Amino acid sequence: NGDHLATGDRGGRVVLFERTDTQDHVGHRRDLEKMDYPINRHPEFRYKTEFQSHEPEFDYLKSLEIEEKINKIRWCQSSNGALFLLSTNDKTIKLWKVQEKKVKKVCNMNVDLTKAMGNGPIVGSSISTSSKQHIANGGCTSNDFSFPTGGFPSLHLPVVVVVNPECLFVTSHETNLMARCRRIYTHAHDYHINSISNNSDGETFISADDLRINLWNLEISSQSFNIVDVKPANMEDLTGVGVGRLKGGKGYGGVAIELLLSHY
C-alpha cells in the first residue's frame, strides 16, 4: 500500500523502511488516490528493521559458488498485521514474515545483587560457614537445617513480564520486529533467477531465469510448474535469453507474462 519500502544488497540483507509522512494525510493511499488528493512533496521513509535473507552457498554438483546477493524483492499480501515478502538470489527464493513481537523479560528473581556473588557465601551474612561442608550450587551436607514455620517470605517464583528497556517499570506496549522464514523454494532453476512476481490471486507467484518461467504456490515449496521453456534442443541454436520482466495478471493459469528476449 506504499507505506513500506524494501531493499536488498549484495550481502544478502533485506532492509525495510517505513513511511513517515502519512500522518499528515490521514487515510489509506488508495482512498487518497480516489479523492485526487494533491501531493506536494516526495514521500519520506525511515529505517524500520533489517534481516539476513540469504547466505553464500556452494553447488557441489556443478562446482559453482552461489552468491548471497539479492536479485529481486516482491511484497505479498499482508495478514494479521504482519508483512510478507519474497526475496531471491540466483538460485533460492524465500518467503519471509515480519511481525512485531512483545519484548519479554524474566523478573523478580530470588537473587539480591547487592549481596549475592556467584554460588559462594553471601557477603555480609552473619551466618558462620566454617563448621559446615558446602557442595556445589550452595548446598550443605549438614542435617541441622530446617524450614521456618511460616516459610521464607522473600522466596517467590520468577515471572515473565513485558518490560520497557528505557525504564525499570513494567509496560505492555514495548514491541520488537522479528523476521521469520516461512518457505524456501529451491531446485527449480538451472540458470540464474532474474525475476519474480506474485500474482493477483494472492496464492501463487512466478519466477524466471534466462530460459524458463515457473509457477509456484506460496504454500507449496516442494514443487513448481513449468509454464514457459524456450531452451532449444541444441544450445548452439539459441538466439536470445530472457532479461526477466514479469508481471502477474489473469492470463494463462492466472498469469500474464511479458518475456523480453535480448539477442546476442
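The values are calculated or read from the model by the stated rules, or taken from the named source; none is laboratory data. A quick note: this is a predicted structure, and the numbers were derived from the prediction, not measured. All Cβ positions, glycine included, derive from the backbone under ideal geometry; neighbour counts span all protein chains shown. All accessible areas refer to the heavy atoms of the entire protein, side chains included, with ligands and DNA or RNA removed. Shrake-Rupley method; radii C 1.70, N 1.55, O 1.52, S 1.80 Å.
Odds and ends about this structure:
- Meets criteria (within 25 Å of the chain's Cα centre (by Cα) and modelled with pLDDT of 90 or more) for GLU68: yes
- Among the residues of region 229-237, some residue qualifies, meaning at least one is modelled with pLDDT of 80 or more and part of a strand (DSSP E or B).
- For SER63, the requirement of being open to solvent by 80 Å² or more (accessible area, probe 1.4 Å) and among the small types (Gly, Ala, Ser) is met.
- Subset of region 53-81 [over 30 Å from GLY2 (Cβ atoms) and in a loop (DSSP other than H, G, I, E, B)]: GLU55, PRO56, TYR60, LEU61, LYS62, SER63, GLU67
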